[in-house]
Each structure stands twice: as C-alpha cells, then as structure tokens.
Amino acid sequence: MNVAVLNDITLVAMAAEQHNRKAFNELVVRYQSPIRRFFLNQTLGNKPLSDDLAQDTFVKAYLNIAKFRGEAAFSTWLYRIAYNVFYDYTRNNKQTDDLETQEVARQNADFTDTTVALDIYEALNTLSSYERTCVTLQLMEGQPIDKIALIMGMATGTVKSHLFRGKEKMTRYLKENGYDRKR
C-alpha cells in the first residue's frame, strides 16, 4: 500500500492502531516543513533550535498519536503540540532575549534578500509571544482564526485581538524602517 496517497486520518489510524511507522513517517514528511517554518519564525531564524523543537514535536506526536481524537484536523493537533513545545522551551530556558537578537537572526537567515528577512524578524521581535504566534500562524502558515484559537487554546476574539495588535506593531516598525505600501 502506497502511504503517500492516504489521507491524514487514515495515516493516524494506521500509526496509532497498527504502530505502522511508514504511516507516521508519511505524516512527518507532509508536515515537517511547515512545523520547521513555524519554529523558525518563533525563534527569529535560529535554525538549529528550530530543528530541535520540530524533532521534539514529532516525537511527542508519535508518543501520543493514540490520543488524537479527530475533533480537529491532524495539522491543528500537530500545531498545538508545536505551540506547547515552544511554550515549554521558552518557559524552561528563559532565553527569549538571547533568541530575539538581530545577531541570531543574521547568522541563521535563509532568504534570498537577507535584509528583508532580518527586518521581518526584527518586526516580529517587537511583538509579544502571543502576538508573534498568532501572526506567524495566520500570515506565514495560512491558518484561519478558528484553527489558531484551537492551536493556542484561546477564544477567537482573543486571537483576533492579538492579530490586530501584532499587525499594527509590525506595520509601525516596518514603516519606521523604510517600508511603505506605495512601493
């Protein structure tokens, strides 16, 4: 059976009930890039840390796959795990100030226009952690507000507030640093 053509729910069932590693590996292949990108944005470009956090996310997902109830999409469940992994990391390590330096972003940026990438990371750095997560999930991961609310365990109104404030702060920062909509 070619696992690449199966839907997420079927793969989850195969991984949970039959301990089918190929099925879980297919889920990893499908979601490793978005999860790594989520962490890359949360850590402001720290690739090694992003890779470590992504690995932790998939280990936790594998260990808890039987607990997936299908009340939300698998991707939502996985992002919730990723959000919790990042939250636990920042709470346990208290190194967010070190993560949020321009030097870390400069060392780890992987964009064709490094200056723009650094400016985006610096704009993200002006946000609270909740604002940054909401903005990252919506603008960079394409998640709708209702899924962001599920991922973060917040009311949709709270997510909307974080998005509004976060976008306002980013817009202000980028305008102050030479970006405007007239270009």
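The values are calculated or read from the model by the stated rules, or taken from the named source; none is laboratory data. Please read these numbers as outputs of a predicted model, since none were measured by experiment. A quick note on method: Cβ atoms are made from the backbone with ideal geometry, for glycine too, and the neighbour counts reach across all protein chains shown. Protein only, heavy atoms only, side chains kept; ligands, DNA and RNA dropped before computing areas. Shrake-Rupley method; radii C 1.70, N 1.55, O 1.52, S 1.80 Å.
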_Selection status of Ser161, over 18 Å from the mean Cα position of the chain (by Cα), at pLDDT 90 or above and of a type in the set (S, T, N, Q)_ = yes
*Which of the residues belonging to segment 148-174 are β-branched (Val, Ile, Thr), closer than 21 Å to Leu40 by Cα and open to solvent by 40 Å² or more (accessible area, probe 1.4 Å)?*
Thr171
*In segment 121-153, which residues are in contact with a Cys (Cβ under 9 Å, 6 or more places away or on another chain) and without any contact (Cβ under 8 Å) to a residue 24 or more places away in the chain?*
Ile145, Ile148
_Scope segment 131-147; condition over 12 Å from Lys167 (Cα atoms) and surrounded by 17 or more Cβ atoms within 10 Å (Cβ to Cβ); matching residues_ = Leu137, Glu141, Gln143, Lys147
*Which one of these is open to solvent by less than 30 Å² (accessible area, probe 1.4 Å) and within 16 Å of the chain's Cα centre (by Cα): Phe39, Phe24?*
Phe39
*Residue count, segment 40-89 (criterion: part of a helix (DSSP H, G or I), over 24 Å from Arg21 (Cβ atoms) and of a type outside the set (S, T, N, Q))*: 9
*Find all pairs meeting these conditions: Cβ atoms under 7 angstrom apart; at least six residues apart or on different chains; first residue within segment 18-41 and within 17 Å of Thr90 (Cα to Cα) and charged (D, E, K, R); second residue assigned to a helix (DSSP H, G or I) and open to solvent by 40 Å² or more (accessible area, probe 1.4 Å).*
Arg36/Asp51
*Just to be sure, is Ile9 within 22 Å of Glu141 (Cα to Cα) and open to solvent by 40 Å² or more (accessible area, probe 1.4 Å)?*
yes
